[in-house]
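Asks: This is the structure I have questions about; it appears just below.
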Amino acid sequence: MSTRALRPGYHGDLKDSVDKFHGQQLINIAWDRHLMYATPLCIPVPPGMPFGALVEQVLPGLFGQHPDFARIDWSGVQWLRSDEPFEPRPELSLVDNGLDHKAFLRLRTPGLDGLAGASF
């Protein structure tokens, strides 16, 4: 939804700019076809965190309660950055993988179709 300023030339102060997160940045993460998580999860992370650490240390805390999580074949995961397919490099930081403040990351897990196949 767009917003319209009450007066021409108005420029407000962004309340969610990266400088307000004490060295962290926000990243939105969604697991496609897994409706136990209705919306992307928005979490603060250090921009220098390696992508591999996100997968190994952060994602289990976010999605690990889902019965499909333990069955993920990580070598077959399809990653999307802002709806465009990409191949992350695990050793590079989130920023070096193109995931900056408020980035949108999605993962698709072929063969895993949500809780009891309840995906759409």
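The values are calculated or read from the model by the stated rules, or taken from the named source; none is laboratory data. Remember, it's a predicted structure, so these values are computed and weren't measured experimentally. Cβ sites come from the backbone with ideal geometry, for glycine too, and all protein chains shown count toward neighbours.
Asks: Considering each residue of region 79-120, count those that are over 17 Å from N28 (Cβ atoms), without any contact (Cβ under 8 Å) to a residue 60 or more places away in the chain and among the polar types (S, T, N, Q), and give that number.
Replies: Total meeting the criteria: 1.
Asks: For region 6-30, how many residues meet the condition of being out of contact with any Pro (no Cβ under 9 Å at 6 or more places or on another chain) and either part of a strand (DSSP E or B) or not hydroxyl-bearing (S, T, Y) (or both)?
Replies: Of region 6-30, the ones out of contact with any Pro (no Cβ under 9 Å at 6 or more places or on another chain) are 6-17, 19-20.
Checking which are either part of a strand (DSSP E or B) or not hydroxyl-bearing (S, T, Y) (or both) leaves us with 6-9, 11-16, 19-20.
So the count comes out to 12.
Asks: Scan region 53-64 and tell me whether some residue there is within 11 Å of the chain's Cα centre (by Cα) and β-branched (V, I, T).
Replies: Here is the first cut: in region 53-64, the ones within 11 Å of the chain's Cα centre (by Cα) are 54-55, 58-59, 62.
This time we only want the ones that are β-branched (V, I, T), so: 55, 58.
Yes, the conditions are met somewhere in region 53-64.
Asks: Right, something else. Answer with yes or no whether F69 is in contact with a helix residue (DSSP H, G or I) (Cβ under 6 Å, 6 or more places away or on another chain) and closer than 18 Å to P110 by Cβ. Can you show your working first?
Replies: On the way: in contact with a helix residue (DSSP H, G or I) (Cβ under 6 Å, 6 or more places away or on another chain): yes; closer than 18 Å to P110 by Cβ: yes.
Spelling it out, F69 is indeed in contact with a helix residue (DSSP H, G or I) (Cβ under 6 Å, 6 or more places away or on another chain) and closer than 18 Å to P110 by Cβ.
Asks: Out of the residues in region 1-49 meeting the condition of being surrounded by fewer than 10 Cβ atoms within 10 Å (Cβ to Cβ) and either at pLDDT 95 or above or in contact with a strand residue (DSSP E or B) (Cβ under 9 Å, 6 or more places away or on another chain) (or both), tell me which one is farthest from N97 (Cα to Cα).
Replies: Of everything passing the filter in region 1-49, T39 is farthest from N97 (Cα to Cα).
Asks: Which of the residues belonging to region 101-112 are part of a loop (DSSP other than H, G, I, E, B) and surrounded by 15 or more Cβ atoms within 10 Å (Cβ to Cβ)? Working first, answer last.
Replies: Narrowing region 101-112 to residues part of a loop (DSSP other than H, G, I, E, B): 101-102, 109-112.
Matches in region 101-112: H101, T109, L112.
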